[in-house]
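Everything on this sheet refers to the single structure shown next.
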Amino acid sequence: GDEKKDKPARPMVIVEESFAVDKDARYTGTVTDYSKWRGFGHIELDTKGIVPTDNLFVYWKNIQTDDRFPRLQEGLKVEFGLMTTYEWKAWRKVKTVKAKTVTLPGGGMINLQDAMDAETKQFVGAQNFRYTGNLKFYDHWRGFGWVVMDDGFAIDENVPKEIKVEKQEVNCGGKPPTGRLEKLAVEFGIVKNKKGDQYFAYNMTLPGGQPISQENIEHRQEVGTEKYTGTISWWNWSQGWGHIAPDPTSMLPATVVQKMEESKASQPKDKPPAAPAEKLLYCRKSDCDWSVKPEVGSKVTFFVYIDDKGAGACKVAPVA
């Protein structure tokens, strides 16, 4: 089943300080258990002796998937890499080993949700039926929101015009929804509960089936394939964003420079002081590699993009 009551909340595979992994190697194994609601499970390696107990912890963020609610299934054959991290166990910090970049054997995405939903959910129409509407709001902290369906659909008269949408049905491309969303054009399916007296939005996306990500909402377009270097000039730790000043020798694409000029013209006077406005790129923590410490003065490499709000840096990594 999904839940293993005898499993600790965050079981760890602890290794010696000298334990090292081949960061490029790939291994195969079988999922022994997975808790959908806790978002973790375990994989038994096919090749024995690689890690202690031949059993590996796997966290949902390391599953490669298009599903809106990443998960694994007991008995599923998977392929993965290994990574080491440090975690606290009581009063001491310990070195642990975990699975990373978990895929199907051969590298395929692990997409299980549609098949599982077909067995467990009651659909209005069919599973692939899509309706359009407007998201009134979705509150991340409360875990739900409401959608207003557009007029013109031939649908059961019992289905209300306003339908509740719950966290697990907000399709963010394999990531959990964050923050507050409102006044968005969306599309969705509709499901009902077992009694047939309550209706809910199913697999809510942006129009056309695009995941509801900040990048898609703001129409992000990566520009070019060149990698640039720069310096973190300002960072808001509580909100997880900041500015990167490209090196003076960087020749940024004309479209990016134009967006910078537009941002400069509309920039409020109370913005934090940093590098000259025409040389600043916006950067989110989610666009940084896990190894980046976003401290003022840190040197980084990055690629560039433009969106509805201006120009930014993505795929940010520390300078080697």
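The values are calculated or read from the model by the stated rules, or taken from the named source; none is laboratory data. Everything numeric in this text was worked out from a predicted model, so none of it was measured. Note: accessible area is taken over every heavy atom of the protein model, side chains too, but ligands, DNA and RNA are not part of it. Shrake-Rupley method; radii C 1.70, N 1.55, O 1.52, S 1.80 Å.
Couple of notes before you dig in:
- Here the Karplus curve 6.51 cos²θ - 1.76 cosθ + 1.60, taken at θ = phi - 60°, turns the phi angles of the stretch 186-191 into couplings of 9, 10, 6, x, 9, 10 Hz, with x standing for Gly and Pro.
- What the phi angles of the stretch 71-76 give under the Karplus curve with 6.51, -1.76 and 1.60, with θ = phi - 60°, is a coupling list of 7, 10, 10, 4, x, 6 Hz, glycine and proline written as x.
- Based on C-alpha pairs under 8 angstrom that are at least 6 apart in sequence, the chain has a relative contact order of 12 percent.
- D (Stokes-Einstein, µm²/s), Kirkwood Cα radius, the stretch 181-239, 1.306 mPa s at 10 °C: 102
- Solvent-accessible area of the stretch 95-196 (1.4 angstrom probe, protein heavy atoms only): carbon and sulfur portion equals 50 percent.
- Taking amide hydrogens as placed 1.01 Å from N in the peptide plane, the amide H of E79 sits under 5 Å from those of T103, L104, each at least 5 positions away in sequence or on another chain.
- Matching label, Kirkwood radius over Cα pairs in Å computed from the structure shown, candidates (1) 22.5; (2) 20.6; (3) 24.9: (1)
- Per-residue SASA remark: I14, around 60 Å² accessible (1.4 Å probe; ligands, DNA and RNA not included).
- Across the cross-link table entries K36/K98; K164/K195; K136/K195; K61/K98; K61/K315; K121/K195, which are compared at the Cα atoms, the separations over 20 Å belong to K136/K195.
- With contacts taken as Cα pairs under 8 Å at a separation of at least 6 residues, the stretch 6-145 carries a relative contact order of 23 percent.
- Taking all protein chains together and rolling a 1.4 Å probe, Y199 ends up with roughly 30 Å² accessible.
- Remark: the stretch 38-78 carries 43 Å² of accessible area per residue (probe radius 1.4 Å; ligands, DNA and RNA excluded).
- Amide H contacts under 5 Å for D66, placed H, 5+ residues apart: I110
- The alpha carbon gyration tensor of the stretch 133-253 gives principal lengths a ≥ b ≥ c with a/c of 1.5 or higher and a/b greater than b/c, which makes the shape prolate.
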